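Have a look at the structure below before the remarks.
The values are calculated or read from the model by the stated rules, or taken from the named source; none is laboratory data. Keep in mind the model is a prediction, meaning the values are calculated, not measured. Note that we place each Cβ from the backbone using ideal geometry, even for glycine, and neighbour counts take in every protein chain shown.
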Amino acid sequence: MLKNNTFLVLVLILFSFNIHSQNITEKGIATVELAKNSCRDGKPIDRNKNLEALRKAKISAWSNFISSLPGDRASIYYSRESEFLTNIDEYISDYVILTNNCSKKERSFSITIRATINESKFTNTLVSNSSGSSKTDLSGQGIVVLVVPRKTSEALSFDDKVTKQSLSQSNLSANEVMLMDENSVSISESSSLRQSVTTGGSTSVKATKRSYIIGDLNDASTQINSILNPLGMRTFTAARLENLAKRSGYNDFLKEVLDQYSGKIGEYGANISPQKQDDIVNMIIDVGQGRLNYFLLGTVDTSLPRIDPDTGAFKSDVLVNIQLFKIDDFFGAEPVASVGPEIMTAFGETDVLSEKAALKKAFYEATNSLILKL
């Protein structure tokens, strides 16, 4: 397990250094108390009060950023919060003063800023203490990679199916009354028919059926290789596995897997079937003969780029589902870590740039989540 942890930590660190910095902007607000007659030209006479308000505003913006972190990262952050607050200027790369107000009457100085936070640097620091082993432990180990990029081509929705039922019941009741006196006896009868109707029903909703277009497998492999190769790991493509497995009597599998992931065939939605996944694991064991130690499997789904109404830029979403397995010749594929379903969003000047930026962010965030969930 130590090697598995080391693998994920090193993947995270190396990949984080190779991608463009990801910046996030947050608003911060702060107010400090002043002494009497301490404002001049709309600012505090005491410069230290100005700096105090600016630092508080930065901490306010930083708190807004931290509040958006997922639980796994937040728990690690709060265990080291004082360290980050002490060095907060290392992570706030820039800021803009939006408003400031120095009030002699209220003896206060208020400031509002918009801070730019370097998220990449924050994440690298967050996990830096997790790396303790040399990457030479992983050198030469083989990993089979089957991460499928997809784009939604069709989403088929079904109308609600409504079933109605009614139950009718009738009851007949009769009454007989006898009146007697000294001279006569009379009998009167009455009857009534009562009918009740009970209605009800049920509604069933059929899940949306989605179809996908398989994206650029070569581009996905290139991005993954750029992460794994610096570690000295030896990537093994699914196409290479198929070719070697055919020599051992196995049938082709890659087209069937891609058809399952595209939603063309199969009974598991647009997903690989458990049987086919186990078949691939058996091929890895037979073909690898102990040289293929890991299996990276999953999907990266990209939405159609759209114009963001707030920024006017193109916006793309990516849904990530990835699992990392350790291969054992008896137990098969043992899950080491998984991420997803998680959605990442990125912007770009064009639809192509926004899509590529979203994919880069998806791999970056997915790798972070893998290590932080261990």
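Some notes on this structure:
- Test: residue in the stretch 271-279 that is hydroxyl-bearing (Ser, Thr, Tyr) and surrounded by 13 or more Cβ atoms within 10 Å (Cβ to Cβ): yes
- Residue within the stretch 32-40 that is out of contact with any strand residue (DSSP E or B) (no Cβ under 8 Å at 6 or more places or on another chain) and surrounded by 12 or more Cβ atoms within 10 Å (Cβ to Cβ) present: no
- Whichever residue in the stretch 59-99 is surrounded by 17 or more Cβ atoms within 10 Å (Cβ to Cβ) and of a type in the set (Ser, Thr, Tyr) and, among such residues, is nearest to LEU126 (Cα to Cα): TYR91
- Filter result for TYR261 (buried (at least 17 other Cβ atoms within 10 Å of the Cβ), within 26 Å of the chain's Cα centre (by Cα) and closer than 24 Å to VAL336 by Cα): yes
- Residue check, ILE29 surrounded by 16 or more Cβ atoms within 10 Å (Cβ to Cβ), modelled with pLDDT of 90 or more and in contact with a strand residue (DSSP E or B) (Cβ under 7 Å, 6 or more places away or on another chain): yes
- Candidates SER303, SER273 - the one that is farther than 20 Å from ARG240 by Cβ, at pLDDT below 85 and among the small types (Gly, Ala, Ser): SER303
- When the test is whether a residue is modelled with pLDDT of 90 or more, closer than 14 Å to GLU26 by Cβ and assigned to a strand (DSSP E or B), ILE113 passes it.
- Test: residue in the stretch 58-79 that is under 24 Å from the mean Cα position of the chain (by Cα), touching a residue at least 40 places away in the same chain (Cβ under 8 Å) and part of a loop (DSSP other than H, G, I, E, B): yes
- Condition check for TYR250 on (1) assigned to a strand (DSSP E or B); (2) in contact with a helix residue (DSSP H, G or I) (Cβ under 7 Å, 6 or more places away or on another chain); (3) of a type in the set (Phe, Trp, Tyr): one failure, at (1).
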